Amino acid sequence: MSIIVDAKGLSCPQPVLMTLNKIKEIKKGEIIVKVDTDTSKENVSRAAQSQGWEVADIQENKEGYQLTIRK
Amino acid sequence: MPPGDLERALCGLEFPTDSNLIVGLDRADDAGVYKITDDIAMIQTVDFFTPIVDDPYWFGQIAAANALSDVYAMGGVPKTAMNIVAFPIKQMDISILRKIIQGGLDKMREAGVVLVGGHSVEDKELKYGLSVTGFVHPDRVLTKKALNAGDLLILTKPLGTGIINTAIKGGLASGEAIEFVTHLMATLNRDAAEVMKGFPVHACTDITGFGLIGHVAEMVVDSGFGISLWSEKIPIIPEAVDYAAMGLVPAGAYNNRKFREGMVDISPSVKQAVLDILYDPQTSGGLLISVEKESAGDLVNELKKKGIDDAAVIGEVLTEPKGRIVVNP
């Protein structure tokens, strides 16, 4: 079971804060982050990379974007 | 509103004309300019927004400095102002409004501007700003597009206020960064405007919501010139680079990028975080001055003597590629 951070409906910088908190908590592994704006997609990608995590996949769906980040 | 939306709303509408109108809506400059006599032209501008810092007194100062800036950017001197207030009177204590207006008044006093009136409405969301009137000699109006080939561009305040404000919202900004950016946004562009009057300046604008690249874009479109920016020379608030890399980039920066990226050529060695900062919407940003190449060094020195320590030459006006912005390392 992947860990999911659902940040849909939240404006910046909330999705970034939620992602950074989860990264801090689990230290390594895989997280799926759900967002619904281009801004959040870009910012969550930057946040993950700044912590040495890889953005393994970005899926676009009708609810927005689903980012898979991994370390 | 995001760049481009207002243009769509106004597109095709006919505006009244007058032979004394020197700068009107068709030119989309920092402020409107109307000739009163052969020696005097009136500059008019208005700006207001929602709070960007928690302290009401500082918010008042910042909103006033921001509204006054457009007059300085046109080469003028502001003289009178009117308050614009939207206030949630049922939810918020009136003492907050008093502190905001006190901040605005103190900034007006510093600028030598008198408050002559205002208008207030009840609103769910607090907003404050000014309508400002200033004066300039009709022959000395500084517009955005009167660039000259070979001119150098000088920026008078460091970039990154939008990113720092996003970090503040997220509770991630350092105390130092908060204090620095608050004072920076509350600093008038008056001294910079006074210093540039002694130099062969051809064009000027101030950097606000469209970010550096957005305002540079307004300079080059239909000017007959292009602009090269030297990203390593651009003054940046130190913490902004780290915060941008962490993803604390405001939505406005992405909107600015989407609107203008088609006219920008970027060197591959320019870091993503720096590029984010070049699109970052600024509150009460600095002046961007296009000055004759030979005088640029002296102008920067004079600005620094006046305490404008971050002033720097950040790029140049090119004859080619016309209408484009080149971002170099």
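Quick one: check the C-alpha center-to-center distance for the stretch B:60-81 versus the stretch B:156-200, whole angstrom. The stretch B:60-81 and the stretch B:156-200 have Cα centres spaced 15 Å from each other.
Put simply, the amide H of A:GLY29, placed in the peptide plane, has neighbours under 5 Å in A:LYS71, leaving out anything fewer than 5 places away on its chain. Summary: within chain B, the longest segment free of GluC sites (Glu not before Pro) located in DSSP loops with at most 12 other C-beta atoms within 10 Å is B:126-329. Among the residues of B:157-170, the average count of other protein chain beta-carbon atoms within 10 Å of the residue beta-carbon is 1.
Hey, what did chain B get for relative contact order, percent, Cα under 8 Å, at least 6 apart? Could the numbers behind the result be given before it?
Numbers: 738 pairs, mean separation 77.6, N = 329.
Normalised by residue count, the contact order of chain B is 24 percent.
For GluC sites (Glu not before Pro), the sites in chain A that DSSP calls loop and that have at most 14 other Cβ atoms within 10 Å are A:GLU63.
Charging the Cβ of each Asp and Glu at -1 and of each Lys and Arg at +1, and nothing else, the dipole of the protein assembly as shown about its Cα centre rounds to 800 debye. In the context of the full protein assembly, B:TYR243 retains an accessible surface of approximately 20 Å², using a probe radius of 1.4 Å and ignoring ligands and nucleic acids. Candidate membrane-span-like segments in chain B, meaning DSSP H helices with Cα atoms spread over at least 15 Å of their own axis and a Kyte-Doolittle mean of 0.0 or above, are B:56-73, B:94-111, B:175-186, with no membrane implied. Per-residue accessible area (protein heavy atoms, 1.4 Å probe) orders B:HIS183, B:HIS137, B:HIS215 as B:HIS183, B:HIS137, B:HIS215, starting from the largest. Within the listed set B:SER284, B:SER69, B:SER174, the residue fluctuating most in the Gaussian network model of chain B (springs between alpha-carbon atoms under 10 angstrom) is B:SER174.
In chain A, the longest principal axis of the Cα atoms and the axis of helix A:38-50 are about 10 degrees apart.
Whole-Hz Karplus values for the stretch B:40-47 come out as 10, 10, 9, 10, 10, 8, 9, 7 Hz, taken residue by residue from phi with 6.51 cos²θ - 1.76 cosθ + 1.60 and θ = phi - 60°; glycine and proline positions read x.
Note on surface exposure: A:VAL33, B:VAL326, B:VAL46 rank B:VAL46, B:VAL326, A:VAL33 by accessible area, highest first, 1.4 Å probe.
Peptide A:10-21: average number of partner chain Cβ atoms within 10 Å per residue?
Shielding by partners across A:10-21 averages 4.
Compute, for A:CYS12, the solvent-accessible surface of its heavy atoms (probe 1.4 Å) with the complete set of protein chains present, and express it in square angstrom to the nearest 10. The accessible area comes out at roughly 30 Å². Backbone amide hydrogens, once placed in the peptide plane, bring B:LEU159 within less than 5 Å of B:ILE236, B:ILE237, excluding anything fewer than 5 places away on its chain. For the options B:PRO51, B:PRO138, B:PRO88, a Gaussian network treatment of chain B with springs between C-alpha atoms closer than 10 Å singles out B:PRO88 as fluctuating the most. When chain A is treated as a GNM with alpha-carbon contacts under 10 Å, the residue of A:GLN14, A:GLN59, A:GLN49 showing the greatest mean-square fluctuation is A:GLN59. A DSSP coil position with no more than 10 other Cβ atoms inside 10 Å describes the following trypsin sites (Lys or Arg not before Pro) in the stretch B:1-104: B:LYS90. What's the carbon and sulfur percent of the protein assembly as shown's accessible surface, probe 1.4 angstrom, rounded to a whole number? C and S fraction of accessible area: 52 percent.
Shape call for the stretch B:178-323 from the C-alpha gyration tensor, a ≥ b ≥ c root eigenvalues: rounded (a/c under 1.5), prolate (a/b greater than b/c) or oblate? Because a/c hits 1.5 or more and a/b fails to exceed b/c, the stretch B:178-323 counts as oblate. Scanning residues 5 or more positions from B:ALA173 or on other chains, those with amide H under 5 Å from its amide H are B:ILE168, with H placed 1.01 Å from N in the peptide plane. Computed from backbone phi with θ = phi - 60° and the Karplus coefficients 6.51, -1.76 and 1.60, the 3J(HN,Hα) list for the stretch B:83-89 is 6, 10, 10, 10, 9, x, 4 Hz; x is used for glycine and proline. DSSP finds beta bridges in the stretch A:3-70, and of those with both partners inside it, around 75 percent are antiparallel.
The values are calculated or read from the model by the stated rules, or taken from the named source; none is laboratory data. What you see is a predicted model; the values in this text were computed from it and never measured. Ideal geometry is used to build each Cβ from the backbone, glycine not excepted, and the neighbour counts take in all protein chains shown. Heavy atoms of the whole protein, side chains included, go into the accessibility calculation; ligands, DNA and RNA do not. Shrake-Rupley method; radii C 1.70, N 1.55, O 1.52, S 1.80 Å.
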